[in-house]
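Participant: Here's a structure for you.
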Amino acid sequence: MHKRSRPTRGRPCGRLLWALLALAFLGSPPEGLAAPKGTPGVPDRALQKAIDKAIEKGAVYLRSEQKQNGLIGGVHHGSDRHYTVGTTALGGLALLAAGDKQGDKHVDAAMAYCRGQDKDRGAAGSRTTYDTGTLLMFATQYYRSKAKAGGRKKRHTITKEAKRNPCSLPREVLEWIKDMAMFLVNTQEDAGGFGYPKPREDMSNTQYALLGLRAARECGGVVPGRVFKRVIDRLLILQEQDGPKVLRTLGGEKKGDSIYKIDGGDRARGWGYMASAPGATGSMTTAGIASLAICHDALTQPKRLPIYNRKLENRVKRAVQDGFAWLDVNFTVERNPGRAAPPWHFYYLYGLERAAIYGSRTLIGAHDWYLEGARYLVGRQGGDGSWNTGMLGGKEYKASAVLDTAWAILFLKKATRPMKPMPPPVVTPPAK
């Protein structure tokens, strides 16, 4: 039997199938480009050692920044500090990725802070989308880690209880997860996206709402399919409707493989921050790709919902492929790409990791996104273990080494939980 390929390295057999389909339509491929050195997406021994050391130092820095009450970070806007639950959850998620687990004092303190704050804010109706989405990711991973470490006995049959609580969460935690998920469901805007949750949607809040809902669904939360269908309808409208033609890259999945480019009908079409602020950026294009991938997964797993027909699925596949085409044309790990894009540099890098993992992409175009990003991050780490771009998204936000460090660790660890990848749209022959 063939060994199953790792989710983060793509599906070579699937790529080969698309290549064969392309050849059937288009004839022989053009001459192969230079084969990548080494195995794509896999660091050599020296780089892996540097990555591991960087992650360890980054975790030490995050622990040193934690307050006595468990708080990590916060977004400083003027003289006020906001999103303390979300930044603490993000820091906790990064520490879990770095190797901490339930029972370690720093992640325990972070979870205690988040639960206490969310209890108060939930009762007061003052939860926010960023806080709740990030906390759902942190909470499900935190409590899941103990269940995994405990070595739950294997069952020959899947019980009803296991289906209702697949992550083996404590009962009160599962109810809390469901409550947070329902908060997000109830704050979805009529247009389909998510806001702060003030009545103004944007791509960033929409992405974090979906990340939280995906985490909740994985662990037993029930989210109506209409939520994901409405997001799809909205994102297909918000994506740039046209863009420059881009040849699709095939190959390069294994050491020594050549890379070929074919005409797959792809066009570079990205996403901007919101409908009233057009202009695609890297951070928002990765958000669009990840959001559509989450919705596709929710509407097809464990079984396809009737509201998600094949025609709509093909439109989603085309949108995702064109989003990757935009990233190919504008690829960089040194900044958030896009004309007049706000900084949000490491936020973009974490988004790049997430989009590539969900899309099962080892390469974006001919770019080995992980190795390029890892080399950049290893070379930019400060002596105290932090990363700090000196800015977040604009002059109104104070720079946050805590946020930058958490995003860097999550990138380096490839911390996004993979899901069944969405194949690219079938190549069709170009018009004669």
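The values are calculated or read from the model by the stated rules, or taken from the named source; none is laboratory data. This structure is a prediction, so every number in the text was calculated from the model and none was measured. Don't worry about glycine lacking a Cβ; one is built from the backbone with ideal geometry, like all the others, and counts go over all protein chains shown.
Participant: Could you tell me whether any residue of region 239-251 is touching a Gly at 6+ places or on another chain (Cβ under 9 Å), among the charged types (D, E, K, R) and within 25 Å of residue 343 (Cβ to Cβ)?
Facilitator: Taking every residue of region 239-251 in turn, at least one turns out to be touching a Gly at 6+ places or on another chain (Cβ under 9 Å), among the charged types (D, E, K, R) and within 25 Å of residue 343 (Cβ to Cβ).
Participant: Got at least one residue in region 183-202 being more than 17 Å from the chain's Cα centre (by Cα), in a helix (DSSP H, G or I), buried (at least 24 other Cβ atoms within 10 Å of the Cβ) and on the phi < 0 side of the Ramachandran plot?
Facilitator: yes
Participant: Another question about this same structure. Only one residue in 321, 301 is surrounded by fewer than 24 Cβ atoms within 10 Å (Cβ to Cβ) and under 17 Å from the mean Cα position of the chain (by Cα), so which one is that? Walk me through how you get there before you give the answer.
Facilitator: Values: 301 fails: under 17 Å from the mean Cα position of the chain (by Cα).
After applying the criteria, what remains is 321.
Participant: Which residue out of 377, 410, 363 is crowded, with 21+ Cβ neighbours inside 10 Å and touching a Gly at 6+ places or on another chain (Cβ under 8 Å)? Don't jump to the end; show me each part of the working.
Facilitator: Details: 377 fails: touching a Gly at 6+ places or on another chain (Cβ under 8 Å); 410 fails: touching a Gly at 6+ places or on another chain (Cβ under 8 Å).
Being crowded, with 21+ Cβ neighbours inside 10 Å and touching a Gly at 6+ places or on another chain (Cβ under 8 Å) holds for just one of 377, 410, 363, which is 363.
Participant: Tell me the helices (runs of 4 or more DSSP H) entirely within region 45-155 that contain at least 2 residues that are at pLDDT below 95, assigned by TED's automatic domain parsing to the domain that holds residue 176 and under 19 Å from residue 214 (Cα atoms). Show your work before the answer.
Facilitator: Numbers: elements: 45-65, 84-98, 105-124, 129-149.
Where helices (runs of 4 or more DSSP H) fall fully within region 45-155 and carry at least 2 residues being at pLDDT below 95, assigned by TED's automatic domain parsing to the domain that holds residue 176 and under 19 Å from residue 214 (Cα atoms), they are 129-149.
Participant: Let me ask something else. With 269, 230, 217 as the choices, which residue is in a loop (DSSP other than H, G, I, E, B), touching a residue at least 40 places away in the same chain (Cβ under 8 Å) and of a type in the set (Lys, Arg)? Reasoning before the result, please.
Facilitator: Details: 230 fails: in a loop (DSSP other than H, G, I, E, B); 217 fails: in a loop (DSSP other than H, G, I, E, B).
Result: 269 is the single residue among 269, 230, 217 that is in a loop (DSSP other than H, G, I, E, B), touching a residue at least 40 places away in the same chain (Cβ under 8 Å) and of a type in the set (Lys, Arg).
Participant: Right, next: Suppose we filter 255, 311 for residues that are surrounded by fewer than 19 Cβ atoms within 10 Å (Cβ to Cβ) and either part of a loop (DSSP other than H, G, I, E, B) or in contact (Cβ under 8 Å) with a residue 60 or more places away in the chain (or both); which single one remains? Give the derivation first.
Facilitator: Numbers: 311 fails: either part of a loop (DSSP other than H, G, I, E, B) or in contact (Cβ under 8 Å) with a residue 60 or more places away in the chain (or both).
So the residue among 255, 311 that is surrounded by fewer than 19 Cβ atoms within 10 Å (Cβ to Cβ) and either part of a loop (DSSP other than H, G, I, E, B) or in contact (Cβ under 8 Å) with a residue 60 or more places away in the chain (or both) is 255.
Participant: Would it be correct to say that residue 273 is among the aromatic types (Phe, Trp, Tyr), within 22 Å of the chain's Cα centre (by Cα) and under 24 Å from residue 363 (Cβ atoms)? Lay out the reasoning, then the answer.
Facilitator: Details: among the aromatic types (Phe, Trp, Tyr): yes; within 22 Å of the chain's Cα centre (by Cα): yes; under 24 Å from residue 363 (Cβ atoms): no.
So residue 273 fails the test.
Participant: Moving on to the next point. Go through region 54-65 and give me each residue that's out of contact with any helix residue (DSSP H, G or I) (no Cβ under 6 Å at 6 or more places or on another chain) and surrounded by 16 or more Cβ atoms within 10 Å (Cβ to Cβ). Spell out the reasoning first.
Facilitator: Here is the first cut: in region 54-65, the residues out of contact with any helix residue (DSSP H, G or I) (no Cβ under 6 Å at 6 or more places or on another chain) are 56-57, 60, 64.
Hit for region 54-65 is 57, nothing else.
Participant: Here is a follow-up. With respect to residue 407, determine if the residue is assigned to a loop (DSSP other than H, G, I, E, B), aromatic (Phe, Trp, Tyr) and modelled with pLDDT of 90 or more. Lay out the reasoning, then the answer.
Facilitator: Working: assigned to a loop (DSSP other than H, G, I, E, B): no; aromatic (Phe, Trp, Tyr): yes; modelled with pLDDT of 90 or more: yes.
The answer is no for residue 407.
Participant: On to the next question. Report, by residue number, each residue of region 282-301 that is in contact with a Gly (Cβ under 6 Å, 6 or more places away or on another chain) and not aliphatic (A, V, I, L, M).
Facilitator: Once the filter is applied, which keeps residues that are in contact with a Gly (Cβ under 6 Å, 6 or more places away or on another chain) and not aliphatic (A, V, I, L, M), region 282-301 yields 282, 283, 285, 286, 288.
Participant: Is there a residue in region 329-338 that is touching an Asp or Glu at 6+ places or on another chain (Cβ under 7 Å), in a loop (DSSP other than H, G, I, E, B), crowded, with 21+ Cβ neighbours inside 10 Å and among the aliphatic types (A, V, I, L, M)?
Facilitator: Within region 329-338, the first condition is being touching an Asp or Glu at 6+ places or on another chain (Cβ under 7 Å), and the residues that meet it are 333.
With in a loop (DSSP other than H, G, I, E, B) added as a condition, the list becomes 333.
Filter once more, keeping what is crowded, with 21+ Cβ neighbours inside 10 Å: 333.
Cutting the leftovers down to among the aliphatic types (A, V, I, L, M) gives us 333.
There is at least one residue in region 329-338 that is touching an Asp or Glu at 6+ places or on another chain (Cβ under 7 Å), in a loop (DSSP other than H, G, I, E, B), crowded, with 21+ Cβ neighbours inside 10 Å and among the aliphatic types (A, V, I, L, M).
Participant: Okay, next question. Checking residue 249 against (1) at pLDDT 95 or above; (2) surrounded by 23 or more Cβ atoms within 10 Å (Cβ to Cβ); (3) within 23 Å of residue 325 (Cα to Cα), only one condition comes out false. Which one?
Facilitator: Residue 249 satisfies all of (1) at pLDDT 95 or above; (2) surrounded by 23 or more Cβ atoms within 10 Å (Cβ to Cβ); (3) within 23 Å of residue 325 (Cα to Cα) except (1).
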